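Colleague: Let me begin by handing over the structure; questions about it come next.
The values are calculated or read from the model by the stated rules, or taken from the named source; none is laboratory data. A quick note: this is a predicted structure, and the numbers were derived from the prediction, not measured. Cβ placement follows ideal geometry from the backbone for every residue including glycine, while neighbour counts extend to all protein chains displayed.
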There are 2 protein chains.
Amino acid sequence: MKMDISAPKVCAMDFRVRVTDAGADERGSIVGVAGFLQEIAAHHARLLGFGTARLNESGVTWVLAREYVEMRRYPVYGESVRVETWPASLERSRARRDFRILDADGAELGVATSVWAPMDLATRRLGTIPEGMSADFPETPCHSVELPGRAVSRLRDVEAEARILARRGDIDVNGHVNNVHFFEWALECLPGDTACRPATLDISFRAEAVAGQVILARCARQDDGSMLHALVREDDGAEVARVRTTWASSSEGR
Amino acid sequence: MKMDISAPKVCAMDFRVRVTDAGADERGSIVGVAGFLQEIAAHHARLLGFGTARLNESGVTWVLAREYVEMRRYPVYGESVRVETWPASLERSRARRDFRILDADGAELGVATSVWAPMDLATRRLGTIPEGMSADFPETPCHSVELPGRAVSRLRDVEAEARILARRGDIDVNGHVNNVHFFEWALECLPGDTACRPATLDISFRAEAVAGQVILARCARQDDGSMLHALVREDDGAEVARVRTTWASSSEGR
């Protein structure tokens with residue numbers, strides 16, 4: 001049997017939507033979804049032998065540079081969700097990992113793609129993909145969804161702002177704020193209630209945040225109906241993330 | 001066959017310890033454990049027909065008044081954990097729900113007990129247990145662990161303090177800060193790193209917190225080696241929770 005080396009190596013994982021994955025109205029939040037993607041990405045990277053622990057031996061760790069999530073429907077509290085992921089492509093020192101989010105009947109709730117870069121632990125600079133890793137990626141890129149454009153635009157005119165104090169409890173194994181909190185924080189300044197379910201969310205991670213820092217979450221509606229967000233460190237004004245969200249016209253949004 | 005009406009109605013649920021359930025060192029945190037207990041408690045209350053949604057029809061909701069957790073070993077990231085829970089006793093307008101936390105081999109990682117009170121949604125006052133609920137409780141109290149004393153003591157002399165800004169993302173279906181964050185916040189002021197694994201944690205919930213409020217997390221070591229904590233709202237000085245933790249002498253602690 002001829003092996004199809006361009007076929008993606010798919011890993012699947014089931015999640016039950018917990019209380020803490022859901023918003024105040026008991027429907028899954030974008031933060032809950034981001035948590036599922038993070039969980040399966042970490043799990044699969046380990047399975048393939050290029051997880052954080054293994055990379056750390058070479059003085060390198062993975063950094064999530066960008067993630068784009070497109071949701072058709074958010075699951076509800078208690079619902080079973082299957083997430084599939086696979087190494088999707090290698091591009092110029094960046095690895096891409098894609099996702100599909102399915103309900104119990106196999107219907108697609110959403111898709112996502114993510115861009116990862118190896119970071120040198122000593123210099124904290126982004127480096128090149130370690131050798132021997134390309135074998136795990138398909139010869140032909142295999143994406144569940146395309147990135148919407150080359151980069152997330154910079155927010156210029158601020159319409160709303162919220163202050164956020166980063167806590168110890170937000171810190172993860174890399175010693176900085178876990179990236180799922182950036183999803184949460186980006187939506188903290190939105191007017192209205194706490195149900196945060198954008199139709200799409202495109203996030204670009206630009207700097208680290210640590211406990212004790214104050215992060216300013218800013219946003220402004222754009223002419224095309226989308227919303228631009230920025231997370232900015234109060235002390236030095238550095239952008240830690242840029243985000244663009246789009247919202248369905250119905251109650252699916254806020 | 002004679003029915004054993006004193007046998008507890010046990011519900012079991014399996015959890016895989018997620019990245020977000022673990023601390024910076026990839027071992028499960030007390031917040032992760034508190035999340036498991038919350039999840040299965042909500043699930044089982046619904047199964048038995050006295051979940052929040054059902055109670056709400058009578059204008060009542062459940063309020064967690066106190067929880068006591070005793071851990072022998074914290075699970076690690078990726079580990080499978082089974083949690084068992086059951087209605088343990090009815091006492092003077094309070095319902096008790098107990099828990100056992102087991103590893104994949106059935107060894108006991110920890111035990112917990114919790115005290116619940118029905119709250120009138122209109123007056124926000126604690127009420128009496130609705131009729132018809134006693135059938136779900138054992139005739140003889142069936143506890144996995146006893147509460148350590150009648151109440152958690154008040155913290156008097158403050159040794160350390162941390163400021164916490166409650167966020168929208170902390171809010172749950174009851175419209176106030178989800179109780180698992182109180183576990184996290186109580187440990188925010190401790191000296192040292194972010195690994196928060198007390199041997200025991202006894203928490204008394206006294207008031208609500210909502211988004212935008214500043215909560216002062218305070219603590220002080222006591223003569224008996226335990227640590228007393230208080231979560232206090234900055235604006236009106238109200239105690240939202242009192243906590244007592246004990247710590248193992250080894251690295252199991254902090």
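Colleague: Considering every residue within the stretch A:181-190, establish whether at least one is among the hydrophobic types (A, V, I, L, M, F, W, C), in a strand (DSSP E or B), under 19 Å from the mean Cα position of the chain (by Cα) and under 21 Å from A:R100 (Cα atoms).
Modeller: No, the stretch A:181-190 contains no residue that is among the hydrophobic types (A, V, I, L, M, F, W, C), in a strand (DSSP E or B), under 19 Å from the mean Cα position of the chain (by Cα) and under 21 Å from A:R100 (Cα atoms).
Colleague: Please find, among A:A220, A:A241, A:A230, A:A209, the residue that is among the aliphatic types (A, V, I, L, M), in contact (Cβ under 8 Å) with a residue 12 or more places away in the chain, touching a helix residue (DSSP H, G or I) at 6+ places or on another chain (Cβ under 7 Å) and more than 10 Å from chain B (Cβ to nearest Cβ).
Modeller: A:A241
Colleague: Is it fair to say B:D170 is touching a helix residue (DSSP H, G or I) at 6+ places or on another chain (Cβ under 8 Å) and of a type in the set (D, E)?
Modeller: yes
Residue-by-condition table, conditions (1) more than 8 Å from chain A (Cβ to nearest Cβ); (2) among the hydroxyl-bearing types (S, T, Y); (3) under 30 Å from A:I30 (Cβ atoms):
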| position | (1), (2), (3) |
| --- | --- |
| B:S134 | yes, yes, no |
| B:P138 | yes, no, no |
| B:P148 | yes, no, no |
| B:A151 | yes, no, no |
| B:R154 | yes, no, no |
| B:I171 | no, no, yes |
| B:W185 | no, no, yes |
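Colleague: Could you list all residues from the stretch B:1-38 that are over 22 Å from B:H143 (Cα atoms), modelled with pLDDT under 85 and more than 10 Å from every other protein chain (Cβ to nearest Cβ)?
Modeller: Scanning the stretch B:1-38 gives B:M1, B:K2.
Colleague: As an exercise: evaluate B:I129 against (1) surrounded by 19 or more Cβ atoms within 10 Å (Cβ to Cβ); (2) within 14 Å of another protein chain (Cβ to nearest Cβ); (3) touching a residue at least 12 places away in the same chain (Cβ under 8 Å) and give the number of the one condition it does not meet.
Modeller: The failed condition is (2).
Colleague: Also, quick follow-up: Can A:R163 be described as modelled with pLDDT of 90 or more, charged (D, E, K, R) and in contact with a helix residue (DSSP H, G or I) (Cβ under 9 Å, 6 or more places away or on another chain)?
Modeller: No: the conditions fail for A:R163.
Colleague: Continuing with this model, one more query. Select from the stretch B:195-244 the residues that are among the β-branched types (V, I, T) and under 20 Å from the mean Cα position of the chain (by Cα) and write down the one among them that is surrounded by the fewest Cβ atoms within 10 Å (Cβ to Cβ).
Modeller: The qualifying residue surrounded by the fewest Cβ atoms within 10 Å (Cβ to Cβ) is B:V210.
Colleague: Can you give me the number of residues within the stretch A:135-147 that are at pLDDT below 95, surrounded by fewer than 15 Cβ atoms within 10 Å (Cβ to Cβ) and not hydrophobic (A, V, I, L, M, F, W, C)?
Modeller: 2
Colleague: Going by what's in this entry, would B:V214 be described as within 10 Å of another protein chain (Cβ to nearest Cβ), more than 22 Å from A:T20 (Cβ to Cβ) and not charged (D, E, K, R)?
Modeller: Yes, satisfied.
Colleague: Counting only residues that are touching a Gly at 6+ places or on another chain (Cβ under 7 Å) and assigned to a loop (DSSP other than H, G, I, E, B), which one in the stretch A:19-53 is farthest from B:D170 (Cα to Cα)?
Modeller: Applying the filter and picking the extreme gives A:S29.
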